[in-house]
1. If you go through region 81-102, how many residues are under 18 Å from residue 32 (Cβ atoms) and among the charged types (D, E, K, R)?
2. Is it the case that region 37-51 has a residue that's touching a residue at least 12 places away in the same chain (Cβ under 8 Å), closer than 19 Å to residue 16 by Cα and surrounded by 15 or more Cβ atoms within 10 Å (Cβ to Cβ)?
3. Answer yes or no: is there a residue in region 40-54 that is closer than 19 Å to residue 12 by Cβ and touching a helix residue (DSSP H, G or I) at 6+ places or on another chain (Cβ under 9 Å).
4. With respect to residue 67, determine if the residue is under 29 Å from residue 106 (Cβ atoms), of a type in the set (Gly, Ala, Ser) and not in a loop (DSSP other than H, G, I, E, B).
5. Return a yes/no flag: does region 19-32 have any residue that is modelled with pLDDT of 90 or more and touching a Ser or Thr at 6+ places or on another chain (Cβ under 8 Å).
6. Whether any residue in region 7-27 is outside any helix (DSSP H, G or I) and basic (Lys, Arg) is what I want to check.
7. Could you tell me which numbered condition residue 83 fails, if it satisfies all but one of (1) exposed (fewer than 15 other Cβ atoms within 10 Å of the Cβ); (2) in contact with a Phe, Trp or Tyr (Cβ under 7 Å, 6 or more places away or on another chain); (3) among the charged types (D, E, K, R)?
8. Residue by residue through region 28-45, note down the ones that are assigned to a loop (DSSP other than H, G, I, E, B) and over 15 Å from residue 101 (Cβ atoms).
Amino acid sequence: MTPPAPPGVPVERTDLAWQRTGLGILAVAGLIGYRAVSAEQPALLVTAGIAALVGLGVLGGLAPARARFVRRQRARDADVAARRSVAAVTAAVVAICLAAAVAVTVPAG
């Protein structure tokens, strides 16, 4: 049987998951930008730029804010659920997935 993780490990995993989500959105933004250039579809560059801004918002804004919130709540032994930020990130991921689907289905040139 595996011993339980030290107290800070789940918090660090959650922090890393939020960071990976932001990085994933940035990676998809880069792929949409590549598709825009290779398919000669300048309108997709706008989509790529918006996706990149969303990824930066998650990586530079929501992820650190969530990490601070979790640490504060754990120090007070309070609930760490944050439904609004989870809903915001979920909406961002779904929107970027839809944008990527559109980028892939747009015919070249």
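The values are calculated or read from the model by the stated rules, or taken from the named source; none is laboratory data. Since we're looking at a predicted model, the values are computed, not measured. Here the Cβ positions follow ideal geometry from the backbone for every residue, glycine too, while neighbour counts run over all protein chains shown.
1. Taking region 81-102 and keeping what is under 18 Å from residue 32 (Cβ atoms), we get 91-102.
So of that shortlist, the ones also among the charged types (D, E, K, R) come out as none.
Residues that pass the stated criteria total 0.
2. Within region 37-51, the subset touching a residue at least 12 places away in the same chain (Cβ under 8 Å) is 38-41, 44-45, 47-51.
Adding the requirement that they be closer than 19 Å to residue 16 by Cα leaves none.
Checking region 37-51: not a single residue is touching a residue at least 12 places away in the same chain (Cβ under 8 Å), closer than 19 Å to residue 16 by Cα and surrounded by 15 or more Cβ atoms within 10 Å (Cβ to Cβ).
3. The initial filter retains those residues of region 40-54 that are closer than 19 Å to residue 12 by Cβ, namely none.
No, that holds for no residue.
4. Numbers: under 29 Å from residue 106 (Cβ atoms): no; of a type in the set (Gly, Ala, Ser): yes; not in a loop (DSSP other than H, G, I, E, B): yes.
Spelling it out, it is not the case that residue 67 is under 29 Å from residue 106 (Cβ atoms), of a type in the set (Gly, Ala, Ser) and not in a loop (DSSP other than H, G, I, E, B).
5. So far as region 19-32 goes, yes, one or more of its residues are modelled with pLDDT of 90 or more and touching a Ser or Thr at 6+ places or on another chain (Cβ under 8 Å).
6. First pass over region 7-27, keeping only residues outside any helix (DSSP H, G or I): 7-8.
Restricting the remaining residues to those that are basic (Lys, Arg) gives none.
No, region 7-27 contains no residue that is outside any helix (DSSP H, G or I) and basic (Lys, Arg).
7. Status for residue 83: all satisfied but (2).
8. Quick first cut of region 28-45, residues assigned to a loop (DSSP other than H, G, I, E, B) only: 39-41.
Within region 28-45, just 40 meets the criteria.
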